[in-house]
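One structure is given here, and the rest of the page talks about it.
The values are calculated or read from the model by the stated rules, or taken from the named source; none is laboratory data. In this text, all values refer to a predicted model and were calculated from it rather than measured experimentally. Backbone-built Cβ (ideal geometry, glycine too); neighbour counts: all protein chains shown. Areas reflect the complete protein model, heavy atoms only, side chains present, ligands, DNA and RNA absent. Shrake-Rupley method; radii C 1.70, N 1.55, O 1.52, S 1.80 Å.
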Amino acid sequence: MKEDISNADFLDIISIVKLQYGYDFTGYAPASIRRRLFRFMSHMRLTSVFELKHRLVNDQDFFARLVQYITVNVTEMFRDPQFYRTLREQVLPKLAAYPNIKIWHAGCSTGEEVFSMAILLHEAGLLSRTKIYATDLNPANLDKAVTGILPLDNMKDFTQNYIQSGGLADFSNYYTARYDNVLIKKELRKQIIFFQHNLVTDKVFNEFQLICCRNVFIYFNRELQNSVLQLFYDSLSPRGYLAMGIKETMRFADIHRKFEVVHAHHKIYRRKE
């Protein structure tokens with residue numbers, strides 16, 4: 001596919017996606033979305049931008065494949081292990097003061113980091129009184145996450161991450177191996193609710209003591225970052241925690257003065273009174 005995507009065509013595609021399917025990508029970093037669209041066209045062997053737009057208008061299954069392709073799916077259990085060690089040592093002891101704990105994982109992808117959180121909570125003795133709300137824009141990600149099934153090939157790396165995060169047990173206790181896959185134990189998954197939520201268009205749906213939204217903001221423009229940070233602020237209980245990705249920051253956001261820094265490197269913040 002040699003044809004580039006012009007600005008006019010790019011805006012047409014974004015408009016079709018928003019008007020026909022309700023997915024609003026106007027606040028995403030355009031260079032990133034444009035690259036992913038171009039790779040998707042090559043992947044689908046489309047010969048022109050016109051063909052892409054035609055199929056978007058007329059084929060809902062094609063649109064679902066597009067969303068699957070252009071939304072970010074990179075994830076792993078205990079990604080950035082020292083972040084999880086910091087949660088274990090500095091945040092969970094504070095959450096233990098609440099009789100009931102609610103945590104929102106926004107942009108949860110296929111669930112690996114949500115399962116990691118469940119293990120942390122289990123080892124802290126907090127899982128039984130915690131509800132984890134795990135959301136993503138992409139329904140295909142959620143369909144995978146809700147099964148609790150992960151590739152066996154990944155477990156060696158995940159085990160090393162777990163150990164580096166300060167894990168307290170034998171990591172293999174948390175899953176059952178089945179042929180080329182593993183199944184995360186049901187007792188870890190039973191406190192997790194997976195469902196679709198769009199950070200661009202959907203609103204506050206609960207009050208949380210901790211919100212994790214890691215490695216999602218880097219794909220948003222400044223205006224959308226401000227909007228989503230306001231959503232998170234409104235969704236946090238007083239003195240609730242917000243965790244972002246290591247490469248992300250709220251330093252330039254309109255609302256940053258309403259948060260205090262808990263850990264500068266691991267981008268953990270706390271809502272001020």
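Checking the a/c ratio against 1.5 first, then a/b against b/c, what shape does the Cα gyration tensor give for the stretch 7-70? Rounded, because the longest to shortest axis ratio a/c is under 1.5. Simple rule: put +1 on each Lys or Arg Cβ and -1 on each Asp or Glu Cβ in the stretch 7-70, find the dipole, and look at Ala64, His54, Leu19; the Cα lying farthest toward the positive end is Ala64. Peptides 101-112, 116-127 ranked from most to least packed, by the mean per-residue count of other Cβ atoms within 10 Å: 101-112, 116-127. Counting only protein heavy atoms and a 1.4 Å probe, the stretch 81-271 has 45 square angstrom of accessible area per residue.
Taking the Cα centre of the chain as reference, the dipole from Cβ charges on Lys and Arg (+1) and Asp and Glu (-1) amounts to some 540 debye. Determine the alpha carbon to alpha carbon distance for each of Lys18/Lys185; Lys53/Lys144; Lys144/Lys258; Lys18/Lys272; Lys203/Lys247 and list only those over 32 Å. Long pairs (Cα-Cα over 32 Å): Lys18/Lys185; Lys144/Lys258; Lys18/Lys272.
The accessible surface of the chain, taken with every protein chain in place and a 1.4 Å probe, is 50 percent carbon and sulfur. Projecting the Cα atoms of Pro93, His256, Asn138 onto the dipole axis of the chain, where Lys and Arg carry +1 and Asp and Glu carry -1 at the beta carbon, places Pro93 farthest toward the positive end.
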